[in-house]
Amino acid sequence: MGKPEVKRDYTLGERLYLVEIVKGLGITWKHFMKNFRASLQKGPHTVPTCWQYPWDKREISPIFRGEHMLLLDEEGREKCVACGMCQRVCPAKCITIKRGKVKEGEEAKYAGKTYCASFEIDLLRCIFCGLCEEACNKGAIVLGQGYELADFSRQACVADKKRLIGNFLRAKEEGRLKPKRPPVPVAGAKDAKAAGPQKAKSAGGGQGKGLKRGV
Ligand code: SF4
Ligand code: SF4
């Protein structure tokens, strides 16, 4: 095997490689000093080049789709009426709901005539697409900002009703609820409404109103 052909004349400094090593060390030293100086300052996230997770946490976007919340209304009643729309639309089939009928004297606890006796979301199967939130006509389910979902057992990754309501109460207390979004108008609903009730029914898929979304 012959010697490789050298197409360029390298200087002595380049051939010894010392200057390049010193240059590289200079860059390393510059960053080290910058981080060292910053780490002496007080307050979270003082080191500019990396986030010291879990002590430093990034601000989460208000529209982030994390762990779900089941919402209560202004009077503290559960909004969910267990209609099953979210369960039906869920592509991962990870929502399980059991419906109950509101008995006399329980009206202060539930906003509708029916309620979810049990509501479970398997977070290991959920793909956080947000379709359940979109489908809920009562604005009862919203994806929150919780993202630290790792746990040690499968069962611990199934969020039950208590946990989902707890997520809402915590987010409310910490002021992390999503801003309200306006209802999405159904395409052609306005024209169809003007044309008469029969046409409006066909254009709106029988609903006639936009999907109600948000908190
Ligand atoms: S969360 Fe909304 S869509 Fe799902 S069952 Fe409750 S009311 Fe229906
Ligand atoms: S976010 Fe998507 S996958 Fe997860 S529960 Fe809702 S609809 Fe199902």
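Phi-derived couplings, Karplus 6.51 cos²θ - 1.76 cosθ + 1.60 at θ = phi - 60°, listed residue by residue for segment 64-70: 4, 9, x, 4, 5, 10, 9 Hz, with x used for Gly and Pro.
I want the local charge near LYS98. Using Cβ-Cβ distances under 12 Å, sum +1 for each Lys or Arg and -1 for each Asp or Glu among the other residues. Can you show the working numbers first?
On the way: positive: ARG99, LYS101, LYS161; negative: GLU120, ASP160.
Summing Lys/Arg as +1 and Asp/Glu as -1 gives +1.
Using C-alpha pairs below 8 Å separated by at least 6 residues, the relative contact order for segment 68-173 is 35 percent. The relative contact order of segment 1-88 comes to 10 percent, based on Cα pairs under 8 Å that sit 6 or more residues apart.
For segment 57-62, backbone phi angles converted through the Karplus equation (6.51, -1.76, 1.60; θ = phi - 60°) give residue-by-residue couplings of 10, 5, 6, 8, 4, x Hz, Gly and Pro being listed as x.
Taken together, the values in this text are just the output of simple stated rules run on the coordinates, not laboratory data. Bear in mind the structure is a predicted one, so any value in this text is a computation, not a measurement. So basically every Cβ, Gly included, is an ideal-geometry build from the backbone, and we count neighbours across all protein chains shown.
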